[in-house]
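> Sharing a structure, written as structure tokens. Questions coming.
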Amino acid sequence: QVQLVESGGGLVQAGGSLRLSCAASGRSFSNYGMGWFRQAPGKARNIVAAISWSGGSTYYADSVKGRFTISRDNAKNTAYLQMNSLKPEDTAVYYCAADRNGFTTRLEGYDYWGQGTQVTVSS
């Protein structure tokens, strides 16, 4: 069992930056692939970025490539999402998720979810 807690969301102006953190409980964090998803009101939850258990493989949605960076610190049981050059269309609730199988971009492939953190980007 893994429990995930996101933090770092908030209100920022367009062009600004935020860093989201996802703190995981449990001793097997380093065995899990991690992903960040987002969901805007009335829209589906979509993947933003994913990282393998070792950090050696990463994935980014086209909409965030070059602006967002996913990383992890297995010693701290924490995953991060650095978000730069934020745009109003990045406004959403951001969720982190853990995948027991190591690395996937499929929402259905994730086994554990955090409660989400709101990111609002003003124009």
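The values are calculated or read from the model by the stated rules, or taken from the named source; none is laboratory data. A quick note: this is a predicted structure, and the numbers were derived from the prediction, not measured. Positions of Cβ are generated from backbone atoms using ideal geometry, with glycine treated the same way; all protein chains shown enter the neighbour counts. The protein model used for the area step is the full one, side chains on, heavy atoms only, and it has no ligands, DNA or RNA in it. Shrake-Rupley method; radii C 1.70, N 1.55, O 1.52, S 1.80 Å.
> Using unit Cβ charges (K, R positive; D, E negative) and no other charged atoms, how large, in debye to the nearest 20, is the dipole of the chain about its Cα centre?
The calculated dipole for the chain is roughly 100 debye.
> Could you go through the range 54-61 in sequence order and give the Karplus-derived ³J(HN,Hα) for each residue, using 6.51 cos²θ - 1.76 cosθ + 1.60 with θ = phi - 60°, rounded to whole Hz, and x for Gly and Pro?
8, x, x, 10, 9, 9, 9, 5
> Name the lysines eligible as straight-distance cross-link partners of K87: C-alpha to C-alpha under 19 Å, and not fewer than 8 places from it in the same chain.
K43, K65
> Given Cα pairs under 8 Å that are at least 6 residues apart, what percent is the relative contact order of the chain?
Value for the chain: 36 percent.
> Sticking with this one: Express the accessible area of the chain per residue in Å², computed with a 1.4 Å probe while the remaining protein chains stay in the model.
50 Å²
> What does the highest-first list of 113-121, 91-99 look like by mean Cβ count within 10 Å?
Peptide ranking by packing, descending: 91-99, 113-121.
> Ok, one more. Can you compute the label reach from Q13? Point 7 Å from Cα along the Cβ direction, backbone N cut-off under 18 Å, restricted to the range 47-70.
none
> How about the range 35-86: which trypsin sites (Lys or Arg not before Pro) there are in a DSSP loop, with at most 10 other Cβ atoms within 10 Å of their Cβ?
K43, K65
> Quantify, in whole percent, the carbon and sulfur part of the accessible surface of the chain (1.4 Å probe; protein heavy atoms only).
Accessible surface attributable to carbon and sulfur in the chain totals 44 percent.
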